[in-house]
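For reference, the structure discussed in these notes is given below.
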Amino acid sequence: MEQKMYWKNGFHDTPQEGAIEITKKYWQELLDGQSAGKLIVTNDEGYPILVEHEYTIDELKEMKIAEINAYDKSDAVNSFTLAGKQIWLDKDTRVGLVNSIGIEKESGRMNTTLWYNAEKYVIPVDTALQMLNRLELYALDCYNVTQSHIAAVKGLSDAGQVEAYNYKTGYPEQLNFVL
């Protein structure tokens, strides 16, 4: 005899007053559907059924903005090429390098050394400062594009527009520095 489960605002393995009896097999189907992203709800007759989750416009916007922010942090945006290698320097590193290389320039040094991923790059001081300036402007332009995409998504009022919104456009071309 197949073991039974019971549904009344959730699953129970013992009878509850007002609960609906279901088979263990159907209980497993419901759990599998829930694991696949569906919702378990009670139908008009009191039985548990699976339904697709319908996101609200605010939930869709939140998910799209999370996608935009993830893209903004990805190599598709946060990278440049230096001597054929793809790298990225975060804001703190860029600011620190500008300060350090500026001090090297004031001290009369002609070259600076940049280490990235255990690789050494010897770059003329003036070239390094120009590269960092261009990189800072690139990062600022990317930030502005990302923020404009977020603002555009927040301004949408149709779920279909939110889902179809293409946030991968408008970013500047990544920089390529040849030494």
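The values are calculated or read from the model by the stated rules, or taken from the named source; none is laboratory data. Worth saying up front: this structure is predicted, and the values here are computed from it rather than measured. Don't worry about glycine lacking a Cβ; one is built from the backbone with ideal geometry, like all the others, and counts go over all protein chains shown.
The figures follow:
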quantity	calculated
Candidates Gln28, Gln16, filtered to the one that is in a loop (DSSP other than H, G, I, E, B) and not hydrophobic (A, V, I, L, M, F, W, C)	Gln16
Those residues of the range 156-179 which are surrounded by 14 or more Cβ atoms within 10 Å (Cβ to Cβ) and outside any loop (DSSP other than H, G, I, E, B), in sequence order	Ala159, Gln161, Val162, Phe177
Whichever residue in the range 122-179 is of a type in the set (D, E, K, R) and within 17 Å of the chain's Cα centre (by Cα) and, among such residues, is nearest to Leu89 (Cα to Cα)	Lys168
The range 65-76 residues that are under 14 Å from Pro172 (Cα atoms), paired with ones that are in a helix (DSSP H, G or I) (beta carbon under 6 Å, 6 or more apart)	Asp72/Thr146
Selected residue (only one of Ile22, Ile49 is touching a Pro at 6+ places or on another chain (Cβ under 9 Å) and not hydroxyl-bearing (Ser, Thr, Tyr))	Ile22
Residue within the range 16-27 that is of a type in the set (Lys, Arg), over 23 Å from Ala159 (Cβ atoms) and not assigned by TED's automatic domain parsing to the domain that holds Tyr165 present	yes
Residues (closer than 18 Å to Thr23 by Cβ, part of a loop (DSSP other than H, G, I, E, B) and either polar (S, T, N, Q) or in contact with a Lys or Arg (Cβ under 9 Å, 6 or more places away or on another chain) (or both)) located in the range 33-60	Asn43, Gly46
Failed item in (1) out of contact with any strand residue (DSSP E or B) (no Cβ under 6 Å at 6 or more places or on another chain); (2) over 30 Å from Tyr55 (Cα atoms); (3) not β-branched (Val, Ile, Thr), with Gly160 passing the rest	(2)
Flag for Glu67 being closer than 30 Å to Glu163 by Cβ, surrounded by fewer than 16 Cβ atoms within 10 Å (Cβ to Cβ) and over 28 Å from the mean Cα position of the chain (by Cα)	no
Test: residue in the range 2-11 that is charged (D, E, K, R), loosely packed, with under 11 Cβ neighbours inside 10 Å and in contact with a Ser or Thr (Cβ under 9 Å, 6 or more places away or on another chain)	yes
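Matching residues to (1) closer than 21 Å to Val178 by Cβ; (2) exposed (fewer than 12 other Cβ atoms within 10 Å of the Cβ):
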{"site": "Met110", "(1), (2)": "yes, yes"}
{"site": "Leu114", "(1), (2)": "yes, no"}
{"site": "Lys120", "(1), (2)": "yes, yes"}
{"site": "Pro124", "(1), (2)": "yes, no"}
{"site": "Thr127", "(1), (2)": "yes, no"}
{"site": "Tyr138", "(1), (2)": "yes, no"}
{"site": "Val145", "(1), (2)": "no, no"}
